1. Quick check, is residue 97 part of a loop (DSSP other than H, G, I, E, B), of a type in the set (Lys, Arg) and at negative phi?
2. Select from the range 11-39 the residues that are free of Cβ contacts under 8 Å to residues at least 40 places away in the same chain and part of a helix (DSSP H, G or I) and list them in ascending order.
3. Report yes if some residue within the range 3-20 is in contact with an Asp or Glu (Cβ under 9 Å, 6 or more places away or on another chain), at pLDDT 95 or above and aromatic (Phe, Trp, Tyr); otherwise report no.
4. Looking at 42, 86 in this structure, which one is out of contact with any Pro (no Cβ under 8 Å at 6 or more places or on another chain), part of a loop (DSSP other than H, G, I, E, B), among the basic types (Lys, Arg) and surrounded by 11 or more Cβ atoms within 10 Å (Cβ to Cβ)?
5. Could you please let me know if residue 81 is part of a helix (DSSP H, G or I) and loosely packed, with under 13 Cβ neighbours inside 10 Å?
6. Out of the residues in the range 1-24 meeting the condition of being within 12 Å of residue 86 (Cα to Cα) and among the aromatic types (Phe, Trp, Tyr), tell me which one is surrounded by the most Cβ atoms within 10 Å (Cβ to Cβ).
7. Taking the range 49-78 on its own, how many of its residues are under 24 Å from residue 12 (Cβ atoms) and open to solvent by less than 40 Å² (accessible area, probe 1.4 Å)?
8. Please go through the range 25-39 and pick out each residue that is touching a helix residue (DSSP H, G or I) at 6+ places or on another chain (Cβ under 8 Å) and open to solvent by 90 Å² or more (accessible area, probe 1.4 Å).
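The values are calculated or read from the model by the stated rules, or taken from the named source; none is laboratory data. Keep in mind it's a predicted model, so treat the numbers as computed, not measured. Positions of Cβ are backbone-derived with ideal geometry, glycine not excepted, and every protein chain shown enters the neighbour counts. When the accessible area is computed, the model is the full protein with side chains, heavy atoms only, and any ligands, DNA or RNA have been set aside. Shrake-Rupley method; radii C 1.70, N 1.55, O 1.52, S 1.80 Å.
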Amino acid sequence: DFKSMIAEAEDAGNYRLAVRYYYLWLLKSLTASELIEYDVEKTNSDYYNEIRNDQIREEFSYTSYLYNYIWYGEFNVNDKQFRQAKNAFINFLNSIKA
């Protein structure tokens, strides 16, 4: 359950982990909507190239950028940065609900 895992990470102030969960939730949602075929070996570029809808591709590009920046950047994310990333993920997730 991504919602509870995200809430737990947020409550602990672990914003990097919360963003990781949002990204995994996004991949699961894109797969469920048949916009991508999930495979652990695929890269963000692979998924980007699978998406045919330009608007969805643009949103995926932005949220992938946020995920890479926050997760792999290995630095602390402040409240403001997290809220901006969270809003981007939530808006994207809401736009692709099947």
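1. Numbers: part of a loop (DSSP other than H, G, I, E, B): yes; of a type in the set (Lys, Arg): yes; at negative phi: yes.
The answer is yes for residue 97.
2. Scanning the range 11-39 gives 11, 17, 21, 24, 27, 28, 31.
3. Checking the range 3-20: at least one residue is in contact with an Asp or Glu (Cβ under 9 Å, 6 or more places away or on another chain), at pLDDT 95 or above and aromatic (Phe, Trp, Tyr).
4. Details: 86 fails: part of a loop (DSSP other than H, G, I, E, B).
Going through 42, 86 in turn, just one is out of contact with any Pro (no Cβ under 8 Å at 6 or more places or on another chain), part of a loop (DSSP other than H, G, I, E, B), among the basic types (Lys, Arg) and surrounded by 11 or more Cβ atoms within 10 Å (Cβ to Cβ): 42.
5. Working: part of a helix (DSSP H, G or I): yes; loosely packed, with under 13 Cβ neighbours inside 10 Å: no.
In short, no.
6. 22
7. Our first condition is that a residue be under 24 Å from residue 12 (Cβ atoms); within the range 49-78, this holds for 63, 66-78.
Filter once more, keeping what is open to solvent by less than 40 Å² (accessible area, probe 1.4 Å): 63, 66-67, 70, 73, 77.
Qualifying residue count for the region: 6.
8. 28, 37, 38
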